[in-house]
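Taking it in order: structure first as structure tokens, then the write-up.
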Amino acid sequence: QVHIVESGGGLVQPGGSLRLSCAVSGGIFSRYVMQWYRQTPGNQREFVANINSGRSTNYVDSVKGRFTISRDNAKKLLYLQMNSLKPEDTAVYYCNAKDTGLWNSNYWGQGTQVTVSS
């Protein structure tokens, strides 16, 4: 089975930086599209960024130029480097692994809280 654990969240001041990590066990990490989503209370879960097996990336417009997604296939780790953080970045951040095989499976972590506040 696939197990996902996010880490690295915390409290940071506006303009600060934070790096989130996502550790994946089980499955075949190198074949997954890896994604970051975020969610605030009362809102839909929002796509933030993803990176596919060829290391092509996509970002939601609001984080372009500030966030960088990357992966280390040898370590089975996904990262989200977040710079120039804004209060509106405050959310629970979730790591998602998309298996595009026949079962079209999606695996989610438990989330990590990011709070941007003075």
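The values are calculated or read from the model by the stated rules, or taken from the named source; none is laboratory data. Because the structure is a prediction, the values reported are computed rather than measured. Note that each Cβ is placed from the backbone with ideal geometry, even for glycine, and that neighbours are counted across all protein chains shown. Areas reflect the complete protein model, heavy atoms only, side chains present, ligands, DNA and RNA absent. Shrake-Rupley method; radii C 1.70, N 1.55, O 1.52, S 1.80 Å.
Need at least 2 residues that are farther than 20 Å from residue 64 by Cβ per element, so show me which strands (runs of 3 or more DSSP E) inside region 1-51 make the cut, counting only ones lying wholly within it.
Details: elements: 3-7, 10-12, 18-25, 33-39, 46-51.
Output list reads 3-7, 10-12, 18-25.
Please pick out the residue among 32, 59, 37 that is at pLDDT 95 or above, more than 16 Å from residue 81 (Cα to Cα) and surrounded by 14 or more Cβ atoms within 10 Å (Cβ to Cβ).
Values: 59 fails: more than 16 Å from residue 81 (Cα to Cα); 37 fails: more than 16 Å from residue 81 (Cα to Cα).
The match here is 32.
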Residue set 92, 33, 48; condition within 12 Å of the chain's Cα centre (by Cα), aliphatic (A, V, I, L, M) and over 19 Å from residue 14 (Cβ atoms); output residue 33
For region 91-118, which residues satisfy the criterion of being of a type outside the set (A, V, I, L, M), at pLDDT 95 or above and open to solvent by less than 40 Å² (accessible area, probe 1.4 Å)?
-> 93, 94, 95, 96, 109, 111, 112
Working only within region 72-90, note down all residues that are basic (Lys, Arg) and surrounded by 15 or more Cβ atoms within 10 Å (Cβ to Cβ).
-> 76
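Taking region 2-21 only, how many residues are touching a Gly at 6+ places or on another chain (Cβ under 7 Å), open to solvent by 50 Å² or more (accessible area, probe 1.4 Å) and more than 10 Å from residue 95 (Cα to Cα)?
Initially, region 2-21 is screened for residues touching a Gly at 6+ places or on another chain (Cβ under 7 Å), giving 2-6, 18-21.
Then drop every residue that is not open to solvent by 50 Å² or more (accessible area, probe 1.4 Å), which leaves 3, 5, 19.
Narrowing the set further to residues that are more than 10 Å from residue 95 (Cα to Cα) leaves 3, 19.
Total satisfying the criteria: 2.
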Criterion violated by residue 24 - all others in (1) surrounded by fewer than 15 Cβ atoms within 10 Å (Cβ to Cβ); (2) closer than 25 Å to residue 1 by Cβ satisfied | (1)
